[in-house]
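**Q** Pasting in a structure now, in structure tokens, and then I'll have a few things to ask.
The values are calculated or read from the model by the stated rules, or taken from the named source; none is laboratory data. Every value quoted in this text rests on a predicted model; they were computed, and no experiment measured them. Note that we place each Cβ from the backbone using ideal geometry, even for glycine, and neighbour counts take in every protein chain shown. Each accessible area value is taken on the protein alone, full model and side chains, heavy atoms only, with ligands, DNA and RNA left out. Shrake-Rupley method; radii C 1.70, N 1.55, O 1.52, S 1.80 Å.
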Amino acid sequence: MFNDIGPLELVTIIVLAVLVFGPEKLPKMIQDVTRTIRKIREFSESAKADIREELGPEFKDFEFEDLNPKAFIRKQLDNDELGLKEIRNGFDLKKEMAEVTDSVHSSESETSSSSSTTSSSSSSAGSTGGSVDMTKKREKLASEERPPFDADAT
């Protein structure tokens, strides 16, 4: 419950408790606080038991911690019924990126060699065989020229 409290913080809390309640009343306050915490835990456990009893036998292994979205998703992803671990382990992002890069570079070299042979026919059409050079910087638009519109992007 108090896993993130360090020793210095604990000493500070004890000193403040002694100063606020005094050494005479401090043991009684500690007893009252522990009694209250114990009653809250008992109430919580009885409420959980009542809910489990009302849900019936099909929910006998129901855990209330599963209602936390993070815990629920973690439990479902760790469950190997779907084969997600195999998919996760089979996916190598660096390898996939290297393959994409190689295919892009190979298609660029093919289009550059084919475009040099067809440069006279494509120069009149104003295209380079349908490929787009992603490394080339765009030229600035003229003052009255509108930027290109992509209907799928908007």
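Residue-wise test of (1) of a type outside the set (Val, Ile, Thr); (2) surrounded by 10 or more Cβ atoms within 10 Å (Cβ to Cβ); (3) in a helix (DSSP H, G or I).
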{"residue": "Val15", "(1), (2), (3)": "no, yes, yes"}
{"residue": "Asp32", "(1), (2), (3)": "yes, yes, yes"}
{"residue": "Arg38", "(1), (2), (3)": "yes, yes, yes"}
{"residue": "Lys48", "(1), (2), (3)": "yes, yes, yes"}
{"residue": "Ile51", "(1), (2), (3)": "no, yes, yes"}
{"residue": "Glu58", "(1), (2), (3)": "yes, no, yes"}
{"residue": "Arg74", "(1), (2), (3)": "yes, yes, yes"}
{"residue": "Asp102", "(1), (2), (3)": "yes, yes, yes"}
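**Q** For the structure I just gave you, tell me whether Phe21 is free of Cβ contacts under 8 Å to residues at least 12 places away in the same chain and surrounded by 10 or more Cβ atoms within 10 Å (Cβ to Cβ). Step through it out loud before you land on a result.
**A** On the way: free of Cβ contacts under 8 Å to residues at least 12 places away in the same chain: yes; surrounded by 10 or more Cβ atoms within 10 Å (Cβ to Cβ): yes.
In short, yes.
**Q** Glu81 fails exactly one of the following numbered conditions: (1) part of a helix (DSSP H, G or I); (2) within 30 Å of Lys48 (Cα to Cα); (3) open to solvent by 100 Å² or more (accessible area, probe 1.4 Å); (4) modelled with pLDDT under 75. What is the number of that condition?
**A** Result: Glu81 passes all but (1).
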